[in-house]
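Below is one structure; the comments refer to it alone.
The values are calculated or read from the model by the stated rules, or taken from the named source; none is laboratory data. Owing to the predicted nature of the structure, the values given are computational and were not obtained by experimental measurement. So basically every Cβ, Gly included, is an ideal-geometry build from the backbone, and we count neighbours across all protein chains shown. Surface areas here come from the heavy atoms of the whole protein model, side chains and all, with no ligands, DNA or RNA. Shrake-Rupley method; radii C 1.70, N 1.55, O 1.52, S 1.80 Å.
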Amino acid sequence: MKGTKARITCLITMLLTFTWSLWAFAQEAATEAMEVATEAAEVAAAAAEYTPKMYATFWALVPPIVAIVLALITKEVYSSLFIGIVIGGLFYSGFSFEGTVLHVFEDGIVGSLVDSYNMGILVFLVVLGIMVCLMNMAGGSAAFGRWATDHIKSRAGAQLATILLGVLIFIDDYFNCLTVGSVMRPVTDKHNVSRAKLAYLIDATAAPICIIAPISSWAAAVTGFVEGEDGFKVFINAIPYNYYAILTIVMMVGLVLMRVDFGPMKKHEVNALKGDLYTTPDRPYANAQQDDGDAKGTVIDLVFPIISLIICCVIGMIYTGGFFSGTGFVEAFSNSDASVGLMLGSFFALVITIAFYAVRRVLKFSQSMSCIPEGFKAMVPAILILTFAWTLKTMTDSLGAKIFVAEVVKNASGGMVSILPAVIFLVACFLAFATGTSWGTFGILIPIVVSVFEGTDPTMMIISISACMAGAVCGDHCSPISDTTIMASAGAQCNHVNHVSTQLPYAVLCAVVSFVTYILAGFIRNPWIVLPIGIALMLIVLAVIKKTVASDAE
């Protein structure tokens, strides 16, 4: 018995000793973990407290301005964007070599590429490139070109068909740019429409159409920024005040029907009539020329993939908005994630297209697979420019460009209420042009507008929100670092700087007319009076330009 008790006592002692040791180890580990956490918190706090000396000053806008000016002067976009990025890194780090390198590469380039939204857009871009390659190899694009040649008899008809298709594809601007480009490029080429003009038509029917379409990813973005109000109702009421978008459509149709071109675009169009669609020797998409395949392709081999793409992308977007979980269709669009929805939709459309071609025996499975690297290679220029553009935006954000512009708008709100919509339009134009993002501009300015007019002047709030949206689209339309502008170049297979330099005079002209119209809107405050005045003013300006250009030619 004594031996048993001794063994039990010994066992209890060992258990107590083990428990105490375990507790002591846990205490020590907890202490070390606390110290590590405290140190990490101190590091994070220090990082959070770091504010560059140029934060929220005009210097925050210098990097994108330098990049844009260099791109327009040198006609070379990659080095121009990278120089702007480096300047942003230098400003942020206080001209420290190590700090600049880390900020540019870790926070900028790597940070942009690991962002889930950006990566979704890149996947979507690559998949569309693959689908375009598939349609070309299957002969669908060539067949559509032959069909269009029989049914579209003139250059004006080809351009109007491009505008119409751009208007019909109002779901998303990225989707619009690449789809309209792939479908209409063979048609406009046959009628000797320059690639620069095609890129303009694509770009002008992307964001300007999406911003006045209630069922679009842009409508979803805008409604999310109008806190404390019925976002969708505000968006609907703002449509007739969105003068830049509406006047852009009027201007496009007027340019085609009146047969007028001016600025650098005129040179491109004259050369296109002589057979040179590019004007400049730099042709980054020359290797992505159309392949007629084995001539088995018909129009259905282009129409079916496009329809599949539209349906799948719509389903993908409402899926991300919770439609299949009981959310209403409109609300699902408002809550959708465009990046994820377009990525999923394009992937399933790609699978359907490959299966469709296999069933029709137009393409073998091995031929379809060979389009994957080819489609990726065709989109490399657009991917590179997008990556640099996103990185440059990261630089401007880290320098507090948004805060600087927000303060400018707040200070401008007093004592000039009637002309405030015109002022907001100009500020939004400049911010979107410098940063290359219209959605970011919405996020900065719309909450400010709501806070200024909420509960006091709802009509002026609607006009000012619309001016913000119009200005953001205008700046995005003009900016060479805008992702929509970049994708329009990719869709038209046009040199990017050519697209920017030829489009800029057209967009600026429309912006000037829109600015005058917003001044009138601040005083009249009735869209059905002001809008017809703006449209008439735009047509009069185009008529004057046509007469001036004609007299110069004589």
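How high is the FRET efficiency between residue 73 and residue 192 when r is their beta carbon distance and R₀ equals 30 Å, given to the nearest 0.05? Mind dumping the intermediate values first?
Details: r = 29 Å, r/R0 = 0.98.
Efficiency for this residue pair is about 0.55.
How much of the accessible area of segment 160-217, probe 1.4 Å, is carbon plus sulfur, in whole percent?
Numbers: 730 of 1030 Å².
Within segment 160-217, the accessible surface is 71 percent carbon and sulfur.
Could you tell me what percent of the accessible area of segment 108-157 is made up of carbon and sulfur, with a 1.4 Å probe and every protein chain present? Walk me through the intermediate numbers first.
On the way: 1230 of 1790 Å².
Summing carbon and sulfur atoms, their accessible area is 69 percent of the total for segment 108-157.
Holding the Cα-Cα limit at 31 Å, pick out from 197/547; 402/546; 197/364; 153/546; 153/266 the pairs that are longer than that.
Working: 197/547 21 Å; 402/546 40 Å; 197/364 36 Å; 153/546 24 Å; 153/266 22 Å.
Pairs exceeding 31 Å: 402/546; 197/364.
Of the accessible area of segment 303-424, with the probe set at 1.4 angstrom, what percent is carbon plus sulfur? Result for segment 303-424: 70 percent of the exposed heavy-atom area is carbon or sulfur.
I'd like to check one number: the per residue accessible area of segment 450-554, probe 1.4 Å, reported in Å² as a whole number.
That works out to 34 Å² for each residue.
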